[in-house]
Amino acid sequence: MSAIAAGVTEEKAVAKKLDVGCGSRKLPGFVGIDNMVSPEVDVIHDLNVYPWPFAHDSFNHVVCRHSLSHLDDIVAAMEELHRITAPGGFIEIVAPHFSSDNYFTDVTHRRAFGYRSMDYFCVNRPFLYRYSETAVFKLAEVRLSFLQAKVFDEKKRNPFQWFGLEWMINKTPRFYEHFLAFILRANEVYFRLEVVKP
């Protein structure tokens, strides 16, 4: 069961940006949805319960920062993200890489992600299998990172980018994941998906 948190204005309810699983660190200018009670959470809802309390095509920018890794059904979540995002909109996903010690540390994590995890949903990726007929995207960007894959706080910097290590692993991601991932562990993987609708 979902509930709109007290104090949500009509302007926020029609905002075009959504922070999924925002917790207490909602991005500025976004509507925040989570199952916890916090001043930052605008819409209280269990993200494992579908549909989420938004109309079709409600948002043109959706961010999932370490939220998908806690959900029960990734295919259902991707279908729901596709439903609530307008055609041509985009979704940014940051998730723990499968080699990350943070993935193993957090006991509420249900899954980790690899460089090719979103290929199952993206029409511009040469993949044999598709897990959904409705969740259709184009992969605009994917990259692995030893620290933060996507810096939403511009004050934070990643020295691994300066040294070129992240450039190297992202040039040869299959080789890295197959042979080196558990020697030199990545931390996060970042995906930017463009929504494709008929």
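Observations on the structure shown:
- Qualifying residues in the stretch 96-124 (those that are loosely packed, with under 15 Cβ neighbours inside 10 Å and assigned to a loop (DSSP other than H, G, I, E, B)) - the one nearest to the chain's Cα centre (by Cα): Arg110
- Residue check, Gln148 at pLDDT below 95 and under 12 Å from His97 (Cα atoms): yes
- In the stretch 179-198, the residues that are without any contact (Cβ under 8 Å) to a residue 60 or more places away in the chain and over 23 Å from Asn124 (Cβ atoms): Phe179, Leu180, Ile183, Leu184
- Test for Ser69: is it among the small types (Gly, Ala, Ser) and at pLDDT 95 or above: yes
- Just one residue in the set Val62, Val43, Val75, Val31 is modelled with pLDDT of 95 or more, crowded, with 17+ Cβ neighbours inside 10 Å and closer than 18 Å to Phe191 by Cβ; that residue is Val62.
- Residue match in the stretch 26-36 (condition: among the small types (Gly, Ala, Ser) and out of contact with any Ser or Thr (no Cβ under 7 Å at 6 or more places or on another chain)): yes
The values are calculated or read from the model by the stated rules, or taken from the named source; none is laboratory data. Source: prediction; values computed, not measured. Cβ atoms come from the backbone with ideal geometry, glycine included; neighbour counts cover every protein chain shown.
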